[in-house]
Structures are given as structure tokens and as C-alpha cells.
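Below you'll find the structure, written out as C-alpha cells, and then a few comments.
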Amino acid sequence: MAQVNAHLSRSETLSLLSLFLACFAIIANTFQGDGNPLIASLAFSGIAYCASYAMIRWLGNTFMKAGLKGKDMGRKSLPEIPETMGAICAVVYLLVIIVFIPFPFYKDIVAATSGGGNRDVIRKTQQIETGRFLQRFPHSKLASYLSAILSLQSITILGVGDDLFDIRWRHKLFIPAFAAIPLLIVYFVDFGVTSIVIPTPMRPYLGELFDLGLIYYLYMAAFAIFTPNSINIFAGINGIEVSQSLTIALLIMLNDLLYILPPYIYPSSFPQPHPATDSHLFSLYLLLPFTAVSIALLQHNWYPARVFVGDTYCYFAGMVFVVVGILGHFSKTLWLLLIPQVFNFLYSAPQLFHFLPCPRHRLPKFNARTGLREPSTVEFKVPLHPLKEQVVKIAGKVGLVRVTEAKDEEGRRRVVECSNLTIINLWLVWFGPMREDTLAWGLTLLQAGCGLVGLFVRHRLAGLIFTADNL
Ligand code: UD1
Ligand code: MG
């Protein structure tokens with residue numbers, strides 16, 4: 001069996017070791033004085049990066065022996081490399097966020113008890129609110145944090161199950177809905193907010209707030225199903241699963257900082273922290289280590305990939321976004337960062353729902369002569385229904401797919417083939433064949449561009465249809 005290089009070079013070992021020791025020292029330092037959970041979170045993220053980087057390398061061959069491997073269809077020799085490496089990231093991530101628990105919560109847990117586990121010290125809410133430091137969480141937030149861990153653990157187990165047993169599409173679609181149950185229960189107990197703010201022009205008819213009730217929970221479940229699956233189907237070229245997730249994570253963190261930073265930078269203009277500060281800190285604490293493990297994975301998964309991420313990573317990454325979106329109560333903003341995923345899903349819908357045939361793999365084709373990737377196609381072995389054929393022809397005319405026509409026995413021109421309906425193939429239809437890494441860069445920049453425009457619209461133009469932006 002082919003072996004992958006499991007050894008870290010001397011310079012890699014030295015860099016990882018120095019980073020690890022520096023982060024360890026920073027964490028040790030936070031025990032003195034008041035400490036700062038955000039700094040501790042950054043240091044934990046550094047450790048998570050070192051651990052994932054080293055373990056991805058060390059465990060590659062073990063994964064291959066266990067059958068967790070895949071053929072890289074983007075290369076001539078179809079080399080086999082380890083798959084499901086996202087499981088390493090997910091496990092490292094989970095351990096790190098578990099060890100991190102005391103850092104934002106410890107002081108508050110102690111403040112609310114008189115020792116010995118008795119919760120007999122009665123403190124007024126206000127005293128706790130004003131007495132606590134900006135980056136520490138009230139005790140009640142612990143339930144949210146633990147439910148986040150539970151959901152992420154469930155999705156990791158289910159993701160590994162999928163990578164091991166290749167669960168059927170119609171079944172795996174619902175995997176994330178089960179994993180989201182702990183989140184939804186805590187949301188119910190903790191927030192219970194199921195009303196949405198109505199845009200100003202519609203207020204005379206619907207009022208200022210509109211309570212969606214149960215529908216809001218169904219919406220959140222749908223959001224939990226959509227996000228992980230949408231990342232999994234925006235896949236098939238080296239690096240793209242991780243680079244899109246990293247981009248989304250960085251954009252959410254940018255949005256978090258818009259809420260957290262101003263009171264730090266201009267304390268006189270912002271005497272009170274923003275009411276949503278806790279939610280955005282929560283999001284940062286969960287996203288910093290996610291970013292770290294994802295960078296370690298990307299370094300091994302970028303073209304030419306040495307490992308594959310597996311469905312585990314796609315589900316795990318999607319679920320991290322679901323967790324921060326739901327518990328931070330900003331899932332609607334998150335949709336603006338998922339524009340390419342939403343487009344890819346809608347564009348894929350005819351194949352996903354079998355209006356058109358859907359091959360097992362829709363990833364772009366590798367042209368061994370040029371070394372470039374080209375759109376992959378689906379062949380219509382059975383002639384298409386005339387109505388479907390007409391739709392495909394029109395889509396071909398407006399440049400939404402590449403269509404191949406041929407004459408049948410009766411001399412009629414028939415659609416015999418079209419490019420697979422994924423955003424990756426569409427990019428190749430529009431911009432022509434290209435190298436795999438150029439393609440991955442293009443799509444990652446598209447993700448970043450759409451997300452930045454989305455955030456701009458969210459914060460600058462929201463005022464046009466709502467009375468105020470909540471920044
Ligand atoms: C989803 C897509 C499928 C796409 C696949 C690629 C839908 C409905 N399904 O299926 O069209 O082909 O992801 O991930 O859109 N691979 C590569 N290079 C890469 C990444 C993956 O060659 O950079 C191949 C490897 O053989 C790997 C396999 O894809 O083993 C992984 O496929 P898997 O994640 O199991 O496919 P799905 O998620 O079911
Ligand atoms: Mg997949």
C-alpha cells in the first residue's frame with residue numbers, strides 16, 4: 001500500500017514546538033491576576049493548530065490502513081491519500097473547547113456560590129452584571145456552551161459514520177437535524193425569542209415584531225440541515241471545502257469584532273458594552289480554535305493535496321457556523337456569508353432532486369493532456385422529456401450550462417449531455433479550463449467578495465428598510 005510521508009521536517013518540528021511552548025506560557029500566565037479569556041482562547045487556538053498539524057501527519061498511514069482513503073481524481077496517477085482527516089481537527093477542537101471552559105466561566109461560577117458547591121449566596125443580577133469583567137460569561141451561558149459542545153460532538157460522530165459507511169444521500173441529509181436538537185432546546189429555554197423585526201415599509205400591516213413561534217424552530221432546523229450539507233456539495237477540488245469554511249469563519253469573526261472592538265478603542269463614546277457583546281464573544285471563542293485547526297488542515301489539503309478532509313469536516317464546519325449563528329442569534333446575518341453555498345444548492349437542485357440524472361461524482365474532469373480541469377458532464381442515456389430538454393437548451397443559450405447536442409436516428413437534434421450543475425463546473429464553463437489551484441483560489445475569492453458585500457449590506461444598508469442597524 002502507498003505510504004504518505006508521516007514525518008515532520010526539522011524546521012516544522014521546531015516551529016510547532018516553539019509555538020506550542022509560547023502558547024502554553026501565555027495560558028499559564030492567564031492564571032495570574034485577572035487573566036483575559038480572549039488571550040487564553042488565542043493561545044488555546046495556537047495549541048490546537050500545533051496538535052492538528054502534527055497529528056494529521058502522524059496519523060495519515062493509520063487512517064489509510066483502516067480503509068479511510070480516497071483517490072485524488074484531479075491527478076493522472078489517481079494516487080490514494082488518507083481521507084476523513086477532518087475527524088482529527090474535530091476531535092482536537094472539541095478537546096480544546098472543553099479545556100477552555102473554566103477560563104470564561106470560572107470567576108462567575110465562584111461569584112455565585114459560597115464554596116462547597118452551595119448556591120446560597122444571593123446576588124442581585126445587577127451586582128453580577130457590573131461586577132463581572134467584560135469578557136467573562138454569566139453562569140447561565142454555560143448551558144449554551146455545553147449544548148454547543150454536545151451538538152458538535154454529535155455531528156462529528158455522525159460524520160465519521162458517514163465517511164466509514166458512505167450513508168445514502170436521502171438519509172444523510174437529516175444527520176445535522178439530530179445534532180442540532182441540543183441547540184434548539186437550549187435556545188428554547190435561554191432565549192425563546194421567536195419573533196422577527198419587520199422592515200419599516202411593512203410595519204403598518206404586520207406591526208413592529210412578528211412572532212413566528214414554532215415556525216422559527218423549523219427555520220433553525222432547516223438552517224442546521226442546509227449549512228453542513230451545502231459545504232459538502234461545494235466540494236471536489238483540493239482545498240475548497242476548507243478554504244470556503246475558513247473564509248466564512250474569518251468573515252463571522254470580522255462581524256464579531258465590529259461589536260466587540262469599538263468600546264475598547266473609544267471607551268468614552270461607548271460607556272456600556274453593546275448588548276450583543278456576549279453573543280459575539282461566544283462566537284469568537286468558538287471560531288478562533290476552529291480557524292486554527294482549519295489552517296492546519298488546509299496546509300495539507302491545498303493542491304496538491306496530501307490528505308482529504310472527508311464528509312466529517314464538511315459537517316463539522318457547517319455545524320460550527322450553525323452553533324454560533326443560532327446561539328449568537330445572528331443566523332440571518334450568516335445567510336449573507338453563505339451566498340455561494342445557497343447559489344450552488346439552488347443551481348444543483350435539478351440534479352439533487354433528480355429532475356436530471358445525478359452521477360455519484362460531479363467534480364470537474366481532469367484533462368491528462370493539458371493538466372487542467374474542465375467541466376464534468378452528465379450524459380442523458382435515456383432521451384430527456386421534451387419539456388426538460390427545452391429548459392436545458394434555454395439554460396445552455398444563456399450560458400448557465402454547457403450543452404452538447406447530437407442528431408438522433410430520425411435526424412432530430414437532441415440534447416445528449418450537459419455540464420454538471422455545480423458552481424465549480426459553472427466557473428469552468430465561464431472562464432475556461434484552468435489549473436486546480438487557480439480554480440480553488442477563484443472560488444475562495446468569490447466567497448470572500450460575496451461575504452464582504454453581504455456584511456456591508458447588513459450594516460450600511462439595513463437602515464433603509466429597518467429603523468436601525470443593531471450595531
Ligand atoms: C459530494 C458531491 C459530489 C462530489 C464529491 C466530492 C453532490 C451531490 N455530491 O459528494 O458530486 O464529487 O462531494 O467531494 O454534489 N475528491 C477528489 N478531490 C478532492 C476532493 C474529493 O478527487 O479534492 C474525491 C476523492 O475520490 C474522495 C471523494 O471525492 O475520496 C470524496 O467524496 P465524498 O465526500 O464521499 O462525496 P460526497 O460528499 O458524497
Ligand atoms: Mg463529501
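The values are calculated or read from the model by the stated rules, or taken from the named source; none is laboratory data. All of these numbers come straight from a predicted model, not from anything done at the bench. For neighbour counting, all protein chains shown are included, and Cβ atoms are generated from backbone atoms with ideal geometry for every residue, glycine included. Heads up: the accessible areas ignore ligands, DNA and RNA and are worked out on the full protein's heavy atoms, side chains in. Shrake-Rupley method; radii C 1.70, N 1.55, O 1.52, S 1.80 Å.
Keeping the other protein chains in place, figure out the carbon and sulfur percent of the accessible area of segment 1-87, with a 1.4 Å probe.
65
With every protein chain present, what is the per residue accessible area of segment 217-284 (1.4 Å probe, Å²)?
Normalised by residue count, the accessible surface of segment 217-284 is 34 Å².
How many percent of the accessible area of segment 210-360 is carbon or sulfur, using a 1.4 Å probe?
So the carbon and sulfur contribution to the accessible surface is 75 percent.
Dividing the alpha-carbon radius of gyration of segment 26-91 by 2.2 N^0.38 Å (N being the number of residues), what value is obtained?
1.64
How large is the charge dipole for the chain, taken about the Cα centre, if only the Cβ atoms of Lys, Arg (+1) and Asp, Glu (-1) carry charge, to the nearest 20 debye?
For this selection, approximately 760 debye.
Where only protein heavy atoms count, and the probe is 1.4 Å, what is the accessible area per residue for segment 338-434 in Å²?
Heavy-atom SASA per residue in segment 338-434 reads 57 Å².
Among His385, Gly371, Ala349, which residue has its Cα positioned farthest towards the positive end of the charge dipole of segment 338-434, with +1 placed on the Cβ of Lys and Arg, -1 on the Cβ of Asp and Glu, and the dipole taken about the Cα centre?
The one lying farthest along the dipole's positive direction is Gly371.
Please sort 423-435, 47-59 by packing, taking for each peptide the average over its residues of neighbouring beta carbons within 10 angstrom, highest first.
Put in order of decreasing packing, that is 47-59, 423-435.
Enter the accessible area per residue of segment 52-99 (Å², integer; probe 1.4 Å; all protein chains in place).
Per-residue accessible area for segment 52-99 comes out at 41 Å².
How long are the semi-axes of the equivalent ellipsoid of the chain, defined as square roots of 5 times the Cα gyration tensor eigenvalues? Whole Å, largest first.
42, 30, 19
Roll a 1.4 angstrom probe over the protein heavy atoms and tell me the percent of accessible area of segment 392-450 that is carbon or sulfur.
61
Cut-off under 17 Å on the C-alpha distance; same-chain residues fewer than 8 positions from Lys76 excluded. Which aspartates and glutamates are left, in chain and number order?
Counting by Cα, and skipping residues close in sequence, Lys76 has these aspartates and glutamates nearby: Glu374, Glu436, Asp437.
Which whole-Hz couplings ³J(HN,Hα) result when phi for each residue of segment 56-68 is put into the Karplus expression 6.51 cos²θ - 1.76 cosθ + 1.60, θ = phi - 60°, listed in order with x for Gly and Pro?
Going residue by residue, I get 4, 6, 5, 9, x, 5, 5, 5, 4, 4, 7, x, 8 Hz, with x marking Gly and Pro.
Quick one: what are the phi-derived ³J(HN,Hα) couplings along segment 262-271, Karplus 6.51/-1.76/1.60 with θ = phi - 60°, whole Hz, x for glycine and proline?
x, x, 6, 6, 10, x, 6, 7, 10, x
Along each of the three principal axes of the Cα atoms of segment 225-286, give the extent in whole Å, ordering the values from largest to smallest.
So the three principal-axis extents are 50, 22, 15 Å.
Calculate, in whole percent, how much of the Cα-Cα pair population of segment 338-434 lies beyond 15 Å.
62
Viscosity 0.890 mPa s, temperature 25 °C: Stokes-Einstein D of segment 298-362 from its Kirkwood Cα radius, in µm² per second?
172
Taking the alpha-carbon centroid of each part, what is the distance from segment 147-180 to segment 234-305 in angstrom?
Between the Cα centre of segment 147-180 and that of segment 234-305, the gap is 23 Å.
I need the peptides 75-86, 411-422 ranked by packing, meaning the mean over residues of other C-beta atoms within 10 angstrom, with the highest value on top.
Ranking, from highest mean packing down: 75-86, 411-422.
Amide H to amide H, which residues 5 or more places from Lys69 or on other chains are under 5 Å from it, using H placed in the peptide plane?
Sorted by chain and number, the residues that satisfy this are Glu83.
Once amide H atoms are placed 1.01 Å from N in the peptide plane, what residues at a sequence separation of 5 or more from Glu417, or on another chain, have their amide H within under 5 Å of its amide H?
Amide H neighbours of Glu417: Phe380, Thr404.
Got a sec? Charge dipole of the chain, +1 on Cβ for Lys and Arg, -1 for Asp and Glu; which of Ser18, Thr438, Leu461 is way out at the positive end?
Positive-end residue among those listed: Thr438.
Taking the Cα centre of the chain as the origin and placing charges on Cβ (Lys, Arg +1; Asp, Glu -1), which of Phe137, Ile233, Ile149 is farthest toward the positive end of the dipole?
Ile233
Short version: ³J(HN,Hα) in whole Hz for each residue of segment 230-237, in order, from phi by Karplus 6.51 cos²θ - 1.76 cosθ + 1.60 (θ = phi - 60°), x for Gly and Pro, what are they?
5, 6, 5, 8, 9, 8, x, 10
Once you put a point 7 Å from the Cα of Tyr264 and another 7 Å from the Cα of Leu387, both along the Cβ direction, what distance in nm separates them?
5.8
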